[in-house]
């Protein structure tokens, strides 16, 4: 049913999830499509259409049960299990993620980090063991992490990404600011382009 | 002309810009709307419509001049000047931005950072002076930075953001993972939600 959902709709799902978590934290039991739409600067019909892509969850005249809808979206996003992730690159950005980012909320468990700086090898950083990047191939083959997070220099991005995918990594979270062209084009890549975000802000200022 | 451009179109502008920079770097002089569309997984008519929101830049039968279109988009995004930005919070994420992020490419110059940790005061970090967060109000009033980048703990986000806006900051780049509700709702805020990005990747894996 959800094979061909538009990327725009998929990208809204985590936003719905975030708002539903907030409603849940405020002990709000149910919400109408129009109230949810207003919170998210959408239209009620857009909200209903979005959920219809996944089978629809509302009840005419009642709206959505917050707990149920939150759980359903968590299932859709596959964040209820525990996927294993590794960090490739243990510099400032990796440390920011290790120390502050709530991986658990995304159904992800951070199992190891890799770097080329020998002074970091075989220590733990925020509870995460750091190893030599030269051992990453061996590690991935042995431990089968699902996700690789690329927080290494642009220049190493392609080489490392292709090794990881060859060894069975199923998805790449790419912070290197470069578009990856993988030997296996079927592997999902999620790019975090900081510059695009700053440019959107720049556009909005003084308008 | 561009007062009411849809946010979706605005959000594509930095992507166009990135692709045009890549074409420019490869010494490609011109590109058709269909070729540009294919690079970006859009349709040619979408590309033409997007640019028409800003007056249109192509020529029937010729396509787009890469250098001219790149320059026009840079103007639209207001990244040709030099806006001043400050970092509020000088932890790992701020350091990652200071050391690796190309602010200049976005028309932004990083002028100062602020933190609550006294061991960081009055030193330079990657060439950026760090001051006490308790002096940020005074600094903003005196130096009028355009953009504040929030890389501080969630718990301080609202308080600091409202102070900054009161002193004249024109836009907020928000990495705190919380939605800000400002006293002045007219100030643009660009949120970077890492969790939404990771959830989109999670959705795509195994589909």
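One residue stands out in region B:183-207 among those that are in a loop (DSSP other than H, G, I, E, B), over 18 Å from residue B:145 (Cα atoms) and within 20 Å of the chain's Cα centre (by Cα): the one that is farthest from the other protein chains (Cβ to nearest Cβ), namely B:185. The listed residues are A:79, A:86, and the only one of them that is surrounded by 17 or more Cβ atoms within 10 Å (Cβ to Cβ) and touching a strand residue (DSSP E or B) at 6+ places or on another chain (Cβ under 6 Å) turns out to be A:86.
Across region B:94-113, the number of residues qualifying as within 22 Å of residue B:135 (Cα to Cα), surrounded by fewer than 17 Cβ atoms within 10 Å (Cβ to Cβ) and at the interface with chain A (Cβ under 7 Å from one of its Cβ atoms) comes to 0. Residue-level check: of (1) closer than 27 Å to residue B:207 by Cβ; (2) in a helix (DSSP H, G or I); (3) without any contact (Cβ under 8 Å) to a residue 24 or more places away in the chain, residue A:38 misses just (1). Sort through A:166, A:154 and tell me the only one that's within 14 Å of chain B (Cβ to nearest Cβ) and either within 20 Å of the chain's Cα centre (by Cα) or surrounded by fewer than 20 Cβ atoms within 10 Å (Cβ to Cβ) (or both). A:154 is the lone residue from the list that is within 14 Å of chain B (Cβ to nearest Cβ) and either within 20 Å of the chain's Cα centre (by Cα) or surrounded by fewer than 20 Cβ atoms within 10 Å (Cβ to Cβ) (or both).
Among what's in region B:59-76 and is in contact (Cβ under 8 Å) with a residue 24 or more places away in the chain, closer than 15 Å to residue B:19 by Cβ and more than 14 Å from chain A (Cβ to nearest Cβ), pick the residue that is surrounded by the most Cβ atoms within 10 Å (Cβ to Cβ). Across region B:59-76, the extreme among qualifying residues is B:64.
Across region A:127-155, the number of residues qualifying as more than 25 Å from residue A:100 (Cα to Cα) and in contact with a helix residue (DSSP H, G or I) (Cβ under 9 Å, 6 or more places away or on another chain) comes to 1.
If you scan region B:140-149, which residues turn out to be more than 12 Å from chain A (Cβ to nearest Cβ) and buried (at least 19 other Cβ atoms within 10 Å of the Cβ)? Break it down into steps so the answer makes sense when it comes.
Pass one, region B:140-149, residues more than 12 Å from chain A (Cβ to nearest Cβ): B:140-144.
Selection gives B:140 alone.
Here residue B:173 fulfils each of the conditions (1) crowded, with 17+ Cβ neighbours inside 10 Å; (2) within 21 Å of residue A:20 (Cα to Cα); (3) touching a strand residue (DSSP E or B) at 6+ places or on another chain (Cβ under 8 Å); (4) facing chain A (nearest Cβ under 9 Å) apart from (2). Across region B:20-50, the qualifying residues are those that are buried (at least 17 other Cβ atoms within 10 Å of the Cβ) and under 20 Å from the mean Cα position of the chain (by Cα), and the one among them that is farthest from residue B:69 (Cα to Cα) is B:50.
Laboratory data are not the source of any read-out in this text; all were calculated from the coordinates shown. None of these values were measured; they are calculated from a predicted model. Here the Cβ is made from the backbone with ideal geometry for all residues, glycine too, and neighbour counts use every protein chain on show.
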